[in-house]
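Everything on this sheet refers to the single structure shown next.
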Amino acid sequence: MNYFSGIDVGAISTEAVIIDTGGEISGYSIIETGANSTEAADEALDKAVLAAGISRDAVSSIAATGYGRASVPLAGKTVTEISCHALGAKYLFPDIGTVIDIGGQDSKVIRVGDSGKVVDFTMNDKCAAGTGRFLEVMASKLRVSLEEMGELSLQAETEAHISSVCTVFAESEVVSLVAKNCPKEEIIKGLCRAITNRVWGMVQAVGICGEVTMSGGVAKNRGVVALMEEKLGKPIRVHPEPQIVGALGAALFAQRQFREVT
Amino acid sequence: MRDVGAPALMRLSGMGKKGRPRKKKPALGPPLICNGRLRELMATHYLLSRYAQGAMPVAWVTSGAPVEILRPFGFYTFYPENHGALVGAQKMGPELCAEAEEHGYHQDLCSYARIDIGHYFSGKTPVGRLPKPDLLFASNNICQTVVYWYKVLAEYWKIPLILFDTPYNFGEISETDISYMVRQLEEMIPLLEQISKRRFRYKRFKEIVGLAKEASLTWGEVLSTMKARPSPMTIFDAFIHLAPIVSLRGLPAALEHYRALLAELKDRVAHGIGAVKDERWRLMWDNIAIWYKMRDFSNLFAERGMNFVTATYANAWAETIEYLDEAKPFESMAKAYSLVILNNNLNHRLHLMERLIREFQVDGLVIHSARSCKPYSVGQYDLKRLITERMQIPTVVIEADIADSRAYSEEQAMVRLEAFFETLEG
């Protein structure tokens, strides 16, 4: 049996995925990127290999993606996260045509063709509005974990109005809402609404095509997913571990490269 | 040739000069012989500015203004936008912009305007010294910013400003619009006579309109040579060779230059010499150049066998000039200047882009969303979506600025461009 690995070195987290010849996920890992991309990639691969119950030698080919992809000497190939998210998402959900990926440092909307190829895409501009970083800053301000945010958002009956999508300005809005004793759940729902509205602009720029999936760390936030579904008027497909979609796509590219070579 | 007053331009196209190590560019074909010619022409033009002050009236002019009307009065014309591009290419944009910002001008203001105002306060420029103007001549056919930018200059220098107001074209240009613009041109004449202390000569004016038309048509032919496979030049070459049609329009030197360039390009086409050695993909560029990234981009794309063969920007000085008519100089100028791409509706721009994509056999489109240039950048996402759907080609938007590199993030631009390359290469 041959194994292939994809490593996604992102702004906040690094993921590694191992797939077998049949494309089945054998194991994966998610760690914090920290200060060194090369070490993070190495550690993520170690953990994924362990989870798969194989040795590193059993991995025939590795592809790297994400912002730190150039700092992965282990990888025989580098691919942008845009192509990886498209391929990974199409593999998981063959009927999708649109991918909404909200990562730590950027968010993107990708229109995917039949073969998992990118047809069109758009990304957020230079600021952190509408990215995982936005939620991370707010979570720390409100002293809740990122994981809790989604649940708390769903518990809110009404929502606070957050007018700014700028991370810095929104933070000061949160400060004044806290000062007015606005319930935490309502603030969080307001924040989820802000990020959803921001990304919605990009969804409209690319246009909705076929079924829709969400990937990236923010897809774990059920509050954001629910608000996005409300906008779309239909359910969104979310993999139980949406953070690994990019790494899965990279692993599929590694497999493809291996087939081409051998 | 000695470096005589336009050091920036010298460096910009001064590849292969003695004493300066030449960077190898294996992916690019031989450089154009006319690069040297252009260098000499523009250096002479900038050098002349040293002697113009006091000897002849000096006008600062916007790139879209009907400069032909100034020429019979013997104005030396200087183009702040052309200077802004030079400053950008010399990577001096942030420094000059910061000078304007220190005086209260906002970072969201066009970087050409900030560079110009920054120059006013600091005197900094890569071209030695700029000639002090006696007159400011602007047209809002390219943007509204120029109106306020030139008003600021007029206030600082206490000199007259003449504005040519062009109604925006939403669909069809009306007779009322034309007569409104003709009246403005006619009203300028006594003012220009007063400032230049020269009489208006109608016959000379007609000749100048003829020369401008001829030069623009030749520029159009120059661009058309890029329809050949492989294309004899890249759009980055065209962006540099744009200087004469912008700033020397109506003068015989501009026409001579384009005749020489056209001959060289035709020769290259006849011999199958391409600007990119292994041209596999042909691209279109939208919006003004990112001046401080010209060289990097030229190599980046050439290394992948990609060549930019057309751009709405370079095309702008060839697009409406067919309307110019020596027999009806005022009416035809009104039409030619008010129908330029930035004063025309988005539907027009969509059809223009589609035509260029077809005629130049374009495989992919790179859209520069320029923080400075709002009229050029608005609507780009709609154009992108429509072109992706209708022309079935990959497109990408990169966010940057024409001259202020602080508004450009290399990492973010590269991710977008690499994803575009992956889509294009399949």
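The values are calculated or read from the model by the stated rules, or taken from the named source; none is laboratory data. Owing to the predicted nature of the structure, the values given are computational and were not obtained by experimental measurement. So basically every Cβ, Gly included, is an ideal-geometry build from the backbone, and we count neighbours across all protein chains shown.
Failed condition for residue B:390, given (1) closer than 30 Å to residue A:115 by Cα; (2) facing another protein chain (nearest Cβ under 10 Å), with all others met?
Of the numbered conditions (1) closer than 30 Å to residue A:115 by Cα; (2) facing another protein chain (nearest Cβ under 10 Å), the odd one out for residue B:390 is (2).
Find the residue count for the range A:12-48, including only residues that are part of a helix (DSSP H, G or I) and touching a residue at least 40 places away in the same chain (Cβ under 8 Å).
Let us first name the residues in the range A:12-48 that are part of a helix (DSSP H, G or I), namely A:37-48.
Narrowing further to those that are touching a residue at least 40 places away in the same chain (Cβ under 8 Å): A:45, A:48.
Residues meeting the conditions: 2.
In the range B:364-401, which residues are farther than 23 Å from residue B:281 by Cβ, among the charged types (D, E, K, R) and in contact with an Asp or Glu (Cβ under 7 Å, 6 or more places away or on another chain)?
B:371
This table checks each residue for (1) more than 9 Å from every other protein chain (Cβ to nearest Cβ); (2) buried (at least 22 other Cβ atoms within 10 Å of the Cβ); (3) farther than 19 Å from residue B:142 by Cα; (4) free of Cβ contacts under 8 Å to residues at least 60 places away in the same chain.
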position	(1), (2), (3), (4)
B:339	yes, no, no, no
B:342	yes, no, no, no
B:367	yes, yes, no, no
B:375	yes, no, no, no
B:378	yes, no, no, yes
B:382	no, no, yes, yes
B:397	no, yes, yes, yes
B:409	no, no, yes, yes
B:426	no, no, yes, yes
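With respect to residue A:120, is the statement that it is touching a residue at least 12 places away in the same chain (Cβ under 8 Å), facing another protein chain (nearest Cβ under 10 Å) and within 15 Å of the chain's Cα centre (by Cα) true? Before the answer, list the steps.
Details: touching a residue at least 12 places away in the same chain (Cβ under 8 Å): yes; facing another protein chain (nearest Cβ under 10 Å): yes; within 15 Å of the chain's Cα centre (by Cα): no.
The answer is no for residue A:120.
List pairs: first in the range A:221-241 and in contact (Cβ under 8 Å) with a residue 12 or more places away in the chain and in a loop (DSSP other than H, G, I, E, B), second surrounded by fewer than 19 Cβ atoms within 10 Å (Cβ to Cβ) and not aliphatic (A, V, I, L, M), Cβ under 7 Å, 6+ apart or cross-chain?
If the second residue must be surrounded by fewer than 19 Cβ atoms within 10 Å (Cβ to Cβ) and not aliphatic (A, V, I, L, M), the pairs left are A:236/A:229.
Among (1) under 20 Å from residue A:87 (Cβ atoms); (2) polar (S, T, N, Q); (3) within 14 Å of chain B (Cβ to nearest Cβ), where does residue A:243 come up short?
(3)
Filter the range A:191-224 for residues that are modelled with pLDDT of 95 or more and surrounded by fewer than 24 Cβ atoms within 10 Å (Cβ to Cβ); which is nearest to residue A:243 (Cα to Cα)?
Ranking the qualifying residues of the range A:191-224, first place goes to A:212.
Results for (1) at pLDDT below 95; (2) among the β-branched types (Val, Ile, Thr); (3) not assigned by TED's automatic domain parsing to the domain that holds residue A:76; (4) not in a helix (DSSP H, G or I), shown as yes or no for each residue.
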site: A:165; (1), (2), (3), (4): yes, yes, yes, yes
site: A:173; (1), (2), (3), (4): yes, no, yes, no
site: A:181; (1), (2), (3), (4): yes, no, yes, yes
site: A:255; (1), (2), (3), (4): no, no, no, no
site: A:258; (1), (2), (3), (4): yes, no, no, no
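If a residue must be of a type in the set (Ser, Thr, Tyr) and crowded, with 23+ Cβ neighbours inside 10 Å, how many such residues does the range B:99-143 contain?
Counting residues in the range B:99-143 that are of a type in the set (Ser, Thr, Tyr) and crowded, with 23+ Cβ neighbours inside 10 Å gives 3.
Could you tell me which residue of the range B:412-422 is surrounded by the fewest Cβ atoms within 10 Å (Cβ to Cβ), considering only residues that are under 27 Å from the mean Cα position of the chain (by Cα) and at the interface with another protein chain (Cβ under 7 Å from one of its Cβ atoms)?
B:412
Looking at the range A:78-117 only, could you name the residues that are among the β-branched types (Val, Ile, Thr), within 12 Å of chain B (Cβ to nearest Cβ) and buried (at least 23 other Cβ atoms within 10 Å of the Cβ)?
Answer for the range A:78-117, where residues must be among the β-branched types (Val, Ile, Thr), within 12 Å of chain B (Cβ to nearest Cβ) and buried (at least 23 other Cβ atoms within 10 Å of the Cβ): A:79, A:80, A:82, A:109, A:110, A:112.
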